[in-house]
Amino acid sequence: MKILFKNMGFGGGAPRSLLEYAKVAKNNGYDAVAVGQYTISPDYYTNQNIRTYNIPYFTLKTPISNFRILRKYLKIIKNEKPELIQVITANECIFQRFVSNLLGIPTIYTVPGGVINPVFPKIMENERLLVFSYENQQDLIRYGYDECKIIVNSNRILFPNDDECNIDIYESNTKRCVNLLFIGRIDSNYASVLKVLEMVELLTTNDYKVKLKVLGNGEKLGELKKMAEEINSLYNHQIISFEGFRENVSEYIEKAHIVFGKGRSIIDAISYLRVSFVVSESGHFFEVNKENVEQHSKYNFAGRQNNGYCNFDTIRNVIDLIVNEKFIAKDLKEVKVKTQYFYDIKLAEDKVLKIYSDVIDNYTKKSFVYRLVDSIRIIINIYYRYIVEILNKKR
């Protein structure tokens, strides 16, 4: 049996999460192929012997371009003949509904996180959804989605073993310099990056030796780089550096004492036994510790629905402990163990396989005429909802 894994693009956390599902499939006898825009090289898929195709992602704003993309996508499906499709991100789920219905292929619609647009449930019409967080499940139910049609499975990351993690970084800090790391897209995390830059400048002003590396790209990268250059110039050495997008994120995490970000960035940091601070869209900091890690996991380490944010003194106190070699690193192992329960893909392999078999076994085949008529209805509904949303925003 063959599964086609449909990504929006190959950059970011969503396609890496989908890769873990693809690896489970391959390890259990399924063939796998992946489709998405080559926003970055898909080497991490091809290194797993998964064929990839480069096609642009669908967008509501360009219906004519969507038609060209659709023709190319349908040709790939015709040639590959998948028995099952798994698609990820809300945007791709919307258009995949039309494709899967037209072709009569059972599909797993996957929502990887973020805020649910109220229009999304109206378009998906109670199709069975796989979501990665309790937060997404609750949002969907609040918007009227049938709870029975929502599968929650947050396990989607391969955790390294403890002996693969350099925890000795907290044991001997002879240079008395603390390495900070921010991971995340620049555009969607602009306020977060800004707050981290301000925090680093404040630490430096208070005579703390810190260095910050920022991993991520975006249109506002130039603006933030300019701010960083001004801070570096003020103190006559490079305190802040922007590294752009990097595939070897784990290598940067291994060299960091403290990691800032949200979502998968924080989960990866925890998996490598690093001190982690969630930075929300509003720019608030949340320390992740053994007391609150389960609460953070419910909201995918995004800092939403959480009022317990910390101030500058909290971060400074953690840095003092690290500098003075008094930080209790073993607490990081407890945080990791609790996070693994929710996120380690190794603990959910049977659940993933059951999701695949259930979707296939419960799929009801319909006639081509029925599928064609219903597919036309679906695409009309998609653009009707889109136009209504635009008009409502203009009022």
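The values are calculated or read from the model by the stated rules, or taken from the named source; none is laboratory data. Predicted model, so just to flag it, every value in this text is computed and none were measured. Reconstructed Cβ throughout: ideal geometry from the backbone, glycine too, with neighbour counts over all protein chains shown. What goes into the accessible areas is simple: the full protein's heavy atoms, side chains included, and nothing from ligands, DNA or RNA. Shrake-Rupley method; radii C 1.70, N 1.55, O 1.52, S 1.80 Å.
What are the residues whose amide H is under 5 Å from the amide H of Ser276, where those residues sit 5 or more places off or on another chain and H is modelled from the backbone?
Under 5 Å from the amide H of Ser276 lie the amide H atoms of Val259, Val288, each far enough along the sequence or on another chain.
What is the angle, in °, between the Cα long axis of helix 349-361 and the longest principal axis of the Cα atoms in the chain? Nearest 10 is fine, range 0 to 90.
The angle comes out near 20 degrees.
Wrap a convex hull around the Cα atoms of region 156-277, take a quarter of its surface area, and give that in square nanometres.
Quarter of the Cα hull surface area: 7.7 nm².
Can you check what the net charge comes to around His237, using other residues whose Cβ is under 11 Å from the Cβ of His237 (Lys, Arg +1; Asp, Glu -1)?
Here the charged neighbours net out to +2.
For the chain, with only Lys/Arg (+1) and Asp/Glu (-1) charged at the beta-carbon, what is the dipole magnitude about the Cα centre, in debye rounded to 20?
Dipole magnitude for the chain comes out near 1680 debye.
So who's got an amide H within less than 5 Å of the one on Phe182, skipping anything under 5 residues away but keeping other chains? H placed 1.01 Å off N, in plane.
Lys213, Val214, Leu215, Phe260
Just the Kirkwood number for region 45-111, please: inverse of mean 1/r across all distinct Cα pairs, in Å, one decimal.
12.8 Å is the Kirkwood radius here.
Considering the options Leu353, Gln295, Thr364, tell which one lies farthest towards the positive end of the dipole of region 283-395, charges being +1 on Lys and Arg and -1 on Asp and Glu at the Cβ, about the Cα centre.
Sorting the options by dipole projection puts first Thr364.
Local charge sum around Tyr44 (other residues, Cβ-Cβ under 15 Å, Lys/Arg +1, Asp/Glu -1)?
+2
Nearest 10 degrees is fine. How inclined is helix 90-103 to the longest principal axis of the chain, computing both from alpha carbons?
Roughly 20 degrees between the two axes.
Under 5 Å between amide H atoms, partner at least 5 residues away or on a different chain: which partners does Ile151 have, H built in plane at 1.01 Å?
Hits under the 5 Å cutoff: Leu129, Leu130, Val131.
Quick check: residue separation of Asn166 and Ser250 times 0.36 nm, minus the Cα distance between them. What number comes out in nm?
Gain on stretching Asn166 to Ser250: 29.1 nm.
Given an 8 Å cut-off on Cα distances and at least 6 residues of separation, report the relative contact order of the chain as a percent.
Relative contact order of the chain: 16 percent.
Which label belongs to the value computed from this structure, given these candidates for percent of Cα pairs over 42 Å apart: (i) 16; (ii) 13; (iii) 23?
The calculated read-out lines up with (i).
By how many degrees, 0 to 90 and rounded to 10, does the Cα axis of helix 221-235 deviate from the longest principal axis of the chain?
0 degrees
Using the Cα atoms of region 210-272, I'd like the radius of gyration and the largest Cα-Cα distance, Dmax, both in angstrom.
Taking only Cα atoms of region 210-272, I get Rg and Dmax of 12.6, 36 Å.
Divide by every residue of the chain the summed helix terms, -39500 (n - 2.57) for each DSSP H run of at least 4, and state the resulting mean residue ellipticity at 222 nm, rounded to the nearest 500 deg cm²/dmol.
Helix-only estimate at 222 nm: -14500 deg cm²/dmol.
Based on alpha-carbon atoms only, what is the radius of gyration of region 1-132 relative to the globular estimate 2.2 N^0.38 Å?
So region 1-132 has a normalised radius of gyration of 0.98.
How many times 2.2 N^0.38 Å is the alpha carbon radius of gyration of region 250-395?
Relative to the 2.2 N^0.38 Å estimate, region 250-395 comes out at 1.53.
Please list 241-247, 259-265 highest first by mean number of surrounding beta-carbon atoms within 10 Å per residue.
The peptides rank, most packed first, as 259-265, 241-247.
Summarise the accessible area of region 1-49 (1.4 Å probe, protein heavy atoms) by the percent that is carbon and sulfur.
In region 1-49, the share of accessible area belonging to carbon and sulfur is 41 percent.
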